[in-house]
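Asker: Pasting a structure here, questions to come.
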Amino acid sequence: QTFEIAVLVGSLRKGALTRTLANALTKLAPENLRFTFIEIGDLPLYNPDLDTETPPAAWVRLRNEITQADGVMFVTPEYNRALPAALKNALDVGSRPYGSNVWGGKPGLVVSGSGGALGGYGANHHLRDTLVVLDVPTLSQPEAYVGHLGTLFDQTGAPNTDETKAYLSKIMTAYAAWVGKLAA
Ligand code: FNR
């Protein structure tokens, strides 16, 4: 069975290392997972006053894309020890109006990354906190804190060692099994 996975990258930067990481992860995933990268940079900041019968078009687009997905995969940097505001905003937009949470029940994957050694641990766990209330059953193991992002990929964006490749593949194999268990 094939599953459609929505990918949300926490960095809006064109040359984002976390986007390189997300691309590499999707390429190493088992073939029954199909990926769509979801734009989050164009979402107006969540404001309940705008959530009328005609909410902002970008909100409607995000909500439809997540509704159609079988699973949600988050690849994010850490901003000041937490998740970037753009990603939090996307989560907020998809969680409302009250009673119409589009994230609920979608098997989730959280991968955090940083240029330094800590691998975005703080962002990873802040994100996991929010996924609890959004009712996203998130893969527990393996946890994925990817440090030293600037050293892991070659110019084409492929992992530059077998060790990195095996590590990223292991994450995606576990996620595919998780999706298979919960989304079927
Ligand atoms: C950062 N960065 C950062 N890194 C980290 O490990 N812990 C942190 O708390 C922060 N805080 C932070 C705040 C802000 C506002 C910015 C812009 C950056 C550095 C960041 O993780 C690093 O630059 C990553 O390479 C950013 O990811 P992308 O954009 O390359 O995907």
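Asker: Count, please, the residues in segment 138-156 that happen to be buried (at least 16 other Cβ atoms within 10 Å of the Cβ), over 13 Å from the mean Cα position of the chain (by Cα) and part of a loop (DSSP other than H, G, I, E, B).
Answerer: Qualifying residue count, segment 138-156: 2.
Asker: Also, I was wondering about something else. Could you tell me which residue of segment 1-18 is nearest to the ligand (Cβ to nearest atom), considering only residues that are under 16 Å from ALA69 (Cα atoms) and within 15 Å of the chain's Cα centre (by Cα)?
Answerer: Applying the filter and picking the extreme gives VAL9.
Asker: While we're here: Looking only at residues in segment 95-122 that are assigned to a helix (DSSP H, G or I) and either in contact (Cβ under 8 Å) with a residue 40 or more places away in the chain or farther than 17 Å from VAL133 by Cα (or both), which one is nearest to the ligand (Cβ to nearest atom)?
Answerer: Within segment 95-122, the subset assigned to a helix (DSSP H, G or I) is 95, 121-122.
If we keep only those that are either in contact (Cβ under 8 Å) with a residue 40 or more places away in the chain or farther than 17 Å from VAL133 by Cα (or both) as well, we get 121-122.
Numbers: TYR121: 8, GLY122: 6 Å.
Of everything passing the filter in segment 95-122, GLY122 is nearest to the ligand (Cβ to nearest atom).
Asker: Looking at LEU21, LEU25, LEU12 in this structure, which one is of a type outside the set (D, E, K, R), surrounded by 14 or more Cβ atoms within 10 Å (Cβ to Cβ), at pLDDT 95 or above and in a loop (DSSP other than H, G, I, E, B)?
Answerer: None of the others qualify; the one that does is LEU12.
Asker: Mind telling me which of the residues LEU21, LEU33, LEU43, LEU91 ends up being of a type in the set (A, V, I, L, M), within 12 Å of the ligand (Cβ to nearest atom) and touching a residue at least 40 places away in the same chain (Cβ under 8 Å)? Give the derivation first.
Answerer: Numbers: LEU33 fails: within 12 Å of the ligand (Cβ to nearest atom); LEU43 fails: within 12 Å of the ligand (Cβ to nearest atom); LEU91 fails: within 12 Å of the ligand (Cβ to nearest atom).
The conditions single out LEU21.
The values are calculated or read from the model by the stated rules, or taken from the named source; none is laboratory data. Quick caveat: nothing in here was measured; it's all calculated off a predicted structure. Using ideal geometry, Cβ is built from the backbone for each residue, glycine included, and neighbour counts are taken over all protein chains shown.
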